[in-house]
Amino acid sequence: MTDRSTVSHLLRRLTFGPTAAEVDAAVRAGVPATVEKALAGIGATVPIPEPGPFRPGKEGRQDARRQATEATWWWVSRMASAPGAAEKLTFFWHGHWATSVRKVRSAALMLAQHRTLRQYGGGGSGPLVRAMLRDPALILWLDGQRNTRQAPNENLARELMELFTLGVGAYTENDVKAGARVLTGWRAARTATTATFVPARHDPGPVTLLGRTAAFDTDSYADLLVHHPAHLPFLARRLWIRYASGTGPDAATTARMTSAPERTTTGMLRALAGAEAFAATNGTLVKQPVEWMIGAVRQLGVDLGALPENKRGPILGGLRALGQIPFRPPSVGGWPVGTAWLTTSSAQARLRTGQALAGLAPEAVERLSAAARGDRVDALARMLVVDAWSDRTRAVLTGGAAEPRRLLALGLASPEYTVH
């Protein structure tokens, strides 16, 4: 029979917060079937809300804030209700092509970008990069609408190569200047969910870019990037750091991921999950707050879709206290990884939020109450899909076992739950 910790590890990394029942099913199915089932929903079309039109002025700003909150709640609710790897991969891309509603100021544009990441994120890099270079939210976020033939703006071209496709050291400052010229002419507005190309603002002349001289357009620039020898190793590293370990993959794992037969992100995830080094990463990756929150909600059985608006505070407020809210990355570099999330204030926020979540999960509290007091710590491990407690954590949890609600909150704040 498949080892339970093996499939727990797979599901914790590929998906958001597997439940005990999902792990049970994975044990019966085995590792290959578990991986394929998790990856199966990537690229599927889902209904995405369509906020009202952008309006300028004070009332428009109020509308924009309300719509952004509604968009965030929609996505958080979907993360909690949709098992499989699709939501986590979409969230990976959101942090990779990090764009914030704070500057974009349009939920409609952020959701349009979300649709693009969801549609193209599981395939090859080419269609995704082409689509993102036309994405109005990204263009506004990185000042692309100011990029004209008379005054090229280098923000988008620089981040495109440094953070999105190639990485530091794979391009030069001259490549940045040339890339900016290629991208001149694109305009975005908060009143439309598609960008427009204005030929009069575009510089059509030839440039020397990444060693090639030509009159590039947006698509040929995208193709040049995704076929660059630095691109796939760069993407493999970014995936590994978010899905496997806070440090980059070894050479053998990078080679395995970049030689995936179909050359797609889904193929790279499949290769990652099957890498020999992946098993050794169990218990080494700090959960991002969204991972922590969605896992807790799923494992406690909290139905976010049924929560009235006045009870959403523990979710959205908890994410705010923990420092990670979808559609609001802090910078173009996205959110931090690893021990940056392990601070005294975040530990206190996890405990407070855990207590609030326990209040939203009476059935989970009842299940712990139904177990004999001496069995509750192990019952909690099964509920939260924790492979094992350390002696120190077990001692703390045993001390709180008389109060199931407190025990649940302590488990959610434990090192074993925070680092997966």
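The values are calculated or read from the model by the stated rules, or taken from the named source; none is laboratory data. On a predicted model such as this, the values are computed, not experimentally measured, just so you know. A quick note on method: Cβ atoms are made from the backbone with ideal geometry, for glycine too, and the neighbour counts reach across all protein chains shown. Accessible surface areas use protein heavy atoms only, side chains included; no ligands, DNA or RNA. Shrake-Rupley method; radii C 1.70, N 1.55, O 1.52, S 1.80 Å.
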>> Give me the residue from the stretch 390-405 that is in contact (Cβ under 8 Å) with a residue 12 or more places away in the chain and over 21 Å from Glu366 (Cα atoms) and, out of that set, least open to solvent (accessible area, probe 1.4 Å).
In response: Thr393
> Of all residues in the stretch 12-35 being in contact (Cβ under 8 Å) with a residue 60 or more places away in the chain and part of a helix (DSSP H, G or I), which is surrounded by the fewest Cβ atoms within 10 Å (Cβ to Cβ)?
Replying inline: Ala20
> Mind checking whether some residue in the stretch 22-39 is under 18 Å from the mean Cα position of the chain (by Cα) and more than 17 Å from Leu111 (Cβ to Cβ)?
Replying inline: yes
> Across the stretch 162-177, what is the number of residues that are assigned to a helix (DSSP H, G or I) and buried (at least 22 other Cβ atoms within 10 Å of the Cβ)?
Replying inline: 2
> closer than 23 Å to Ala98 by Cα and not β-branched (Val, Ile, Thr): does that describe His202?
Replying inline: no
> Can you tell me which of Leu322, Leu307, Leu342 is open to solvent by 10 Å² or more (accessible area, probe 1.4 Å) and within 24 Å of Lys103 (Cα to Cα)?
Replying inline: Leu322
> What about Leu351, is it over 26 Å from Val101 (Cβ atoms) and either in contact with a His (Cβ under 6 Å, 6 or more places away or on another chain) or not basic (Lys, Arg) (or both)?
Replying inline: yes
>> Going through Arg118, Arg134, Arg130 one at a time, which residue ends up being open to solvent by 10 Å² or more (accessible area, probe 1.4 Å), of a type outside the set (A, V, I, L, M, F, W, C) and under 30 Å from Gly301 (Cβ atoms)?
In response: Arg118
> Considering the stretch 119-175 alone, what residues qualify as being within 21 Å of Gly211 (Cα to Cα) and among the aromatic types (Phe, Trp, Tyr)?
Replying inline: Phe164, Tyr171
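For (1) closer than 25 Å to Thr99 by Cβ; (2) touching a helix residue (DSSP H, G or I) at 6+ places or on another chain (Cβ under 7 Å), each residue gets a yes or a no:
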site: Gly295; (1), (2): yes, no
site: Ala347; (1), (2): no, no
site: Ala371; (1), (2): no, yes
site: Asp375; (1), (2): no, no
>> Condition first: part of a helix (DSSP H, G or I), under 17 Å from Gly95 (Cα atoms) and not acidic (Asp, Glu). Now tell me which residues in the stretch 286-309 satisfy that.
In response: Pro289, Val290, Trp292, Met293, Ile294
>> Pull out all pairs, ordered by first then second residue, where Cβ-Cβ is under 6 Å, the residues are six or more apart or on different chains, the first lies in the stretch 298-315 and is free of Cβ contacts under 8 Å to residues at least 12 places away in the same chain, and the second is open to solvent by less than 70 Å² (accessible area, probe 1.4 Å) and not in a helix (DSSP H, G or I).
In response: none
> Among the residues of the stretch 256-275, how many are under 24 Å from Gln119 (Cα atoms) and open to solvent by less than 40 Å² (accessible area, probe 1.4 Å)?
Replying inline: 12
> Which condition number does Phe278 fail, the rest of (1) within 25 Å of Gly246 (Cβ to Cβ); (2) open to solvent by 10 Å² or more (accessible area, probe 1.4 Å); (3) at pLDDT 95 or above being met?
Replying inline: (2)
> Hey, any hits in the stretch 168-177 for a residue that's aromatic (Phe, Trp, Tyr) and within 23 Å of Val101 (Cβ to Cβ)?
Replying inline: no
> Within the stretch 79-93, which residues are within 11 Å of Gly121 (Cβ to Cβ) and either of a type in the set (Phe, Trp, Tyr) or surrounded by fewer than 21 Cβ atoms within 10 Å (Cβ to Cβ) (or both)?
Replying inline: Phe91, Phe92, Trp93
> Across the stretch 143-158, what is the number of residues that are closer than 21 Å to Lys103 by Cα and either among the basic types (Lys, Arg) or within 20 Å of the chain's Cα centre (by Cα) (or both)?
Replying inline: 2
>> touching an Asp or Glu at 6+ places or on another chain (Cβ under 8 Å) and free of Cβ contacts under 8 Å to residues at least 40 places away in the same chain: is that true of Ala277 in this structure?
In response: yes
>> Go through the stretch 37-78 and report how many residues are free of Cβ contacts under 8 Å to residues at least 24 places away in the same chain, in a helix (DSSP H, G or I) and open to solvent by 50 Å² or more (accessible area, probe 1.4 Å).
In response: 5
> So which helices (runs of 4 or more DSSP H) are wholly in the stretch 327-420 and hold at least 3 residues that are over 29 Å from the mean Cα position of the chain (by Cα)?
Replying inline: 362-370, 376-383, 391-399, 404-412
>> Which pairs turn up if I take residues in the stretch 203-225 that are free of Cβ contacts under 8 Å to residues at least 60 places away in the same chain and look for partners that are among the basic types (Lys, Arg) and surrounded by 13 or more Cβ atoms within 10 Å (Cβ to Cβ) with beta carbon separation below 8 Å, at least 6 apart in sequence or on another chain?
In response: Asp203/Arg149; Asp203/Arg181; Gly205/Arg181; Val207/Arg181
>> Looking only at the stretch 222-278, filter to residues that are polar (S, T, N, Q) and part of a loop (DSSP other than H, G, I, E, B); which one of those is farthest from Trp97 (Cα to Cα)?
In response: Ser259
> Looking at (1) over 13 Å from the mean Cα position of the chain (by Cα); (2) open to solvent by less than 20 Å² (accessible area, probe 1.4 Å); (3) not hydrophobic (A, V, I, L, M, F, W, C), can you tell me which one His96 breaks?
Replying inline: (1)
